[in-house]
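Here's the structure, in structure tokens; my notes come after.
The values are calculated or read from the model by the stated rules, or taken from the named source; none is laboratory data. Quick caveat, the model's predicted, so the values are computed rather than measured. Cβ coordinates were reconstructed from backbone atoms using ideal geometry, including for glycine residues, and neighbour counts include every protein chain displayed.
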Amino acid sequence: MLYRRQIAWVLSSVLSAVMLTSGGMLAVSQTTQPQQPAPGQRPARPKPDDDTTLPDDEVLRVETDLTNLVFTAVDKNKRFITTLRQEDVRVFEDGVPQEVFTFQRETDRPLSLAIMIDTSGSQERTLPDEKIAARAFIDTVIRDRKDEVAVLSFTGETTLEQGLTGSAA
């Protein structure tokens, strides 16, 4: 019975970690001067008006000084910090502080993960419980058609049992 409680504790810990790992997302504004073409170089083409309609296969290039930074914050004990505010975060580039333009939590990002199950002889007694825990994890955490999961087994060699799939079935 103790072993089942340990599996439940590990499963709930992993579930909590997965739900929180999306962490935060920043858009950092970098103040840069418009670049002047070097002598002998052509100046950049003027940008099209907003009213310009482009064919579907044409690429529209846009200049921006914003950079998205996706991160996860943890404390000194490696526990997730979920209460960060914009004023708690500082971003530097080459030692120069950058303006944090926007700050938001991203908790709905798609997950891609692999579950590895030890199928060696030493795990023969616990393998049924491992399979139950893995199935419970997939059923609880993986969102059908949004997240993707792969299952691998290993002994001395690793075998891909199920490649990445978005269907938990």
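Listing for the model above:
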{"read-out": "Search result, residues across the range 110-169 that are within 29 Å of Val70 (Cα to Cα), touching an Asp or Glu at 6+ places or on another chain (Cβ under 7 Å) and hydroxyl-bearing (Ser, Thr, Tyr)", "value": "Ser112, Thr165, Ser167"}
{"read-out": "Residue match in the range 56-69 (condition: modelled with pLDDT under 80, out of contact with any strand residue (DSSP E or B) (no Cβ under 8 Å at 6 or more places or on another chain), among the aliphatic types (A, V, I, L, M) and more than 16 Å from Thr107 (Cβ to Cβ))", "value": "no"}
{"read-out": "Those strands (runs of 3 or more DSSP E) lying entirely in the range 61-169 with at least 1 residues without any contact (Cβ under 8 Å) to a residue 60 or more places away in the chain and under 24 Å from the mean Cα position of the chain (by Cα)", "value": "66-71, 91-93, 112-118, 148-154, 158-165"}
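Yes or no, residue by residue, for (1) of a type outside the set (Phe, Trp, Tyr); (2) surrounded by 13 or more Cβ atoms within 10 Å (Cβ to Cβ); (3) at pLDDT 90 or above:
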site: Ala73; (1), (2), (3): yes, yes, no
site: Lys78; (1), (2), (3): yes, no, no
site: Asp88; (1), (2), (3): yes, no, yes
site: Val91; (1), (2), (3): yes, yes, yes
site: Val96; (1), (2), (3): yes, no, yes
site: Leu113; (1), (2), (3): yes, yes, yes
site: Glu130; (1), (2), (3): yes, yes, yes
